[in-house]
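Below is one structure, written out as C-alpha coordinates; comments come after it.
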Amino acid sequence: MKPAIPHAHVAARSLTRIGVSAARAGQAEAAISAYREALEVDPTHMPAHLNLASLLLHSDRLAEAVEACRLAMDLEESAQHPYLWLVSGMARAELGERWAAEEDLLYYQEHAPDPRFTRVVWRTMRELDRSAVLKRAA
(Lines give C-alpha, C1' and ligand atoms only; values in the text may rest on other atoms or scores of the structure.)
Protein backbone atom coordinates (compact mmCIF):
# COMPACT_ATOMS: atom_id res chain seq x y z
CA MET A 1 0.00 0.00 0.00
CA LYS A 2 1.35 3.43 -0.99
CA PRO A 3 1.64 6.12 1.68
CA ALA A 4 -0.91 8.91 1.48
CA ILE A 5 0.20 12.03 -0.38
CA PRO A 6 -0.40 15.18 1.68
CA HIS A 7 -3.10 17.52 0.38
CA ALA A 8 -0.63 20.42 0.06
CA HIS A 9 1.59 18.36 -2.24
CA VAL A 10 -1.36 17.46 -4.48
CA ALA A 11 -2.44 21.10 -4.69
CA ALA A 12 1.12 22.28 -5.42
CA ARG A 13 1.50 19.65 -8.13
CA SER A 14 -1.77 20.78 -9.73
CA LEU A 15 -0.73 24.45 -9.63
CA THR A 16 2.67 23.56 -11.09
CA ARG A 17 0.96 21.80 -14.00
CA ILE A 18 -1.14 24.92 -14.57
CA GLY A 19 2.10 26.93 -14.60
CA VAL A 20 3.68 24.59 -17.12
CA SER A 21 0.64 24.88 -19.40
CA ALA A 22 0.70 28.67 -19.14
CA ALA A 23 4.44 28.78 -19.88
CA ARG A 24 3.99 26.58 -22.94
CA ALA A 25 1.22 28.92 -24.12
CA GLY A 26 3.60 31.87 -23.83
CA GLN A 27 1.87 33.30 -20.76
CA ALA A 28 4.91 33.85 -18.57
CA GLU A 29 3.22 36.01 -15.94
CA ALA A 30 0.40 33.51 -15.46
CA ALA A 31 2.96 30.72 -15.16
CA ILE A 32 5.04 32.65 -12.63
CA SER A 33 1.91 33.33 -10.58
CA ALA A 34 0.94 29.65 -10.64
CA TYR A 35 4.41 28.54 -9.55
CA ARG A 36 4.45 31.08 -6.72
CA GLU A 37 1.00 29.99 -5.62
CA ALA A 38 2.18 26.37 -5.62
CA LEU A 39 5.08 27.37 -3.37
CA GLU A 40 2.73 29.17 -0.99
CA VAL A 41 0.76 25.94 -0.66
CA ASP A 42 3.85 23.72 -0.37
CA PRO A 43 7.18 25.57 0.04
CA THR A 44 9.08 22.31 -0.48
CA HIS A 45 7.61 21.47 -3.90
CA MET A 46 10.81 21.25 -5.94
CA PRO A 47 9.22 21.15 -9.44
CA ALA A 48 7.63 24.56 -8.76
CA HIS A 49 10.98 25.92 -7.56
CA LEU A 50 12.80 24.61 -10.63
CA ASN A 51 10.22 25.85 -13.10
CA LEU A 52 9.92 29.26 -11.45
CA ALA A 53 13.69 29.83 -11.39
CA SER A 54 14.08 28.73 -15.00
CA LEU A 55 11.20 30.88 -16.26
CA LEU A 56 12.47 33.93 -14.38
CA LEU A 57 15.90 33.42 -15.96
CA HIS A 58 14.44 33.14 -19.44
CA SER A 59 12.25 36.21 -18.79
CA ASP A 60 15.38 38.25 -17.98
CA ARG A 61 14.27 38.68 -14.38
CA LEU A 62 17.73 37.72 -13.26
CA ALA A 63 17.77 38.89 -9.64
CA GLU A 64 14.45 37.16 -9.06
CA ALA A 65 15.83 33.98 -10.63
CA VAL A 66 18.82 34.03 -8.29
CA GLU A 67 16.53 34.55 -5.30
CA ALA A 68 14.24 31.71 -6.41
CA CYS A 69 17.28 29.44 -6.67
CA ARG A 70 18.56 30.45 -3.26
CA LEU A 71 15.19 29.66 -1.64
CA ALA A 72 15.18 26.23 -3.26
CA MET A 73 18.84 25.59 -2.38
CA ASP A 74 17.93 25.92 1.30
CA LEU A 75 15.74 22.84 1.03
CA GLU A 76 17.12 19.47 2.01
CA GLU A 77 16.37 17.83 -1.33
CA SER A 78 18.05 20.57 -3.38
CA ALA A 79 21.27 18.54 -3.62
CA GLN A 80 19.36 16.18 -5.91
CA HIS A 81 18.68 19.07 -8.31
CA PRO A 82 21.96 20.61 -9.50
CA TYR A 83 20.02 22.45 -12.22
CA LEU A 84 19.31 25.09 -9.56
CA TRP A 85 23.02 25.94 -9.52
CA LEU A 86 23.12 26.12 -13.30
CA VAL A 87 20.21 28.58 -13.41
CA SER A 88 21.70 30.63 -10.57
CA GLY A 89 25.10 30.64 -12.24
CA MET A 90 23.69 31.76 -15.57
CA ALA A 91 21.65 34.54 -13.96
CA ARG A 92 24.61 35.71 -11.89
CA ALA A 93 26.84 35.72 -14.95
CA GLU A 94 24.35 37.95 -16.75
CA LEU A 95 24.16 40.20 -13.67
CA GLY A 96 27.94 40.57 -13.80
CA GLU A 97 28.51 38.63 -10.56
CA ARG A 98 31.43 36.78 -12.07
CA TRP A 99 32.82 34.99 -9.03
CA ALA A 100 29.48 33.98 -7.55
CA ALA A 101 28.45 32.67 -10.97
CA GLU A 102 31.63 30.65 -11.25
CA GLU A 103 31.06 29.14 -7.80
CA ASP A 104 27.53 28.06 -8.76
CA LEU A 105 28.67 26.67 -12.09
CA LEU A 106 31.48 24.69 -10.51
CA TYR A 107 28.96 23.13 -8.12
CA TYR A 108 26.71 22.29 -11.08
CA GLN A 109 29.57 20.83 -13.08
CA GLU A 110 30.62 18.63 -10.17
CA HIS A 111 27.12 17.33 -9.41
CA ALA A 112 25.31 17.39 -12.76
CA PRO A 113 24.34 14.17 -14.43
CA ASP A 114 25.16 15.82 -17.76
CA PRO A 115 27.68 18.69 -17.50
CA ARG A 116 27.66 19.47 -21.24
CA PHE A 117 25.47 22.50 -20.57
CA THR A 118 28.22 24.24 -18.63
CA ARG A 119 30.28 24.69 -21.80
CA VAL A 120 27.79 27.23 -23.08
CA VAL A 121 27.77 29.03 -19.75
CA TRP A 122 31.57 29.14 -19.51
CA ARG A 123 31.63 30.60 -23.01
CA THR A 124 29.11 33.24 -21.91
CA MET A 125 31.22 34.09 -18.89
CA ARG A 126 34.33 34.52 -21.03
CA GLU A 127 32.37 36.90 -23.25
CA LEU A 128 31.22 38.85 -20.19
CA ASP A 129 34.81 39.09 -19.00
CA ARG A 130 35.92 40.40 -22.41
CA SER A 131 33.05 42.88 -22.39
CA ALA A 132 34.06 44.17 -18.94
CA VAL A 133 37.67 44.61 -20.09
CA LEU A 134 36.53 46.56 -23.17
CA LYS A 135 34.30 48.80 -21.04
CA ARG A 136 37.18 49.60 -18.70
CA ALA A 137 39.46 50.38 -21.65
CA ALA A 138 36.96 52.79 -23.19
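The candidate values are (i) 23.7, 73; (ii) 16.6, 68; (iii) 16.1, 45; the one derived from this structure for Rg and Dmax of the Cα atoms in Å carries the label (ii).
Computed over protein heavy atoms with a 1.4 Å probe, the accessible surface of the chain works out to 62 Å² per residue. Helix 7-24 and the longest principal axis of the Cα set of the chain meet at an angle near 50°. Whole-Hz Karplus values for the range 67-80 come out as 5, 4, 5, 4, 4, 6, 5, 6, 7, 4, 7, 4, 4, 7 Hz, taken residue by residue from phi with 6.51 cos²θ - 1.76 cosθ + 1.60 and θ = phi - 60°; glycine and proline positions read x.
Summing +1 for each Lys or Arg and -1 for each Asp or Glu among the other residues whose beta-carbon sits under 12 angstrom from that of Leu62 gives -3.
Note on His7/Glu77: beta-carbon distance plugged into 1/(1 + (r/R0)^6) with R0 of 25 Å gives a FRET efficiency of 0.80.
One decimal place: the segment Val120-Ser59 gains 20.1 nm when fully extended, by the rule 0.36 nm per residue minus the C-alpha distance.
About its Cα centre, the dipole of the range 31-138 is roughly 740 debye, where the only charges are +1 on Lys and Arg Cβ and -1 on Asp and Glu Cβ. 3J(HN,Hα) along the range 48-63, derived from phi through the Karplus expression 6.51 cos²θ - 1.76 cosθ + 1.60 where θ = phi - 60°, amounts to 5, 4, 4, 5, 4, 4, 5, 5, 4, 4, 6, 9, 6, 9, 5, 5 Hz, with x in place of Gly and Pro. Once phi is turned into θ = phi - 60°, what whole-Hz ³J(HN,Hα) does the Karplus curve with 6.51, -1.76 and 1.60 give for every residue of the range 116-128, x standing for Gly and Pro? Once θ is set to phi - 60°, the couplings for the range 116-128 become 4, 5, 5, 4, 5, 5, 4, 4, 4, 5, 4, 5, 5 Hz. What's the FRET efficiency of Thr44 with Glu102 using the Cβ-Cβ distance as r and R₀ = 22 Å, to the nearest 0.05? Efficiency for this residue pair is about 0.15.
The values are calculated or read from the model by the stated rules, or taken from the named source; none is laboratory data. Just so it is clear, the model here is predicted, and its values are computed rather than measured. Using ideal geometry, Cβ is built from the backbone for each residue, glycine included, and neighbour counts are taken over all protein chains shown. For the accessible areas, the whole protein counts, side chains as well, though only heavy atoms, and no ligand, DNA or RNA atoms are used. Shrake-Rupley method; radii C 1.70, N 1.55, O 1.52, S 1.80 Å.
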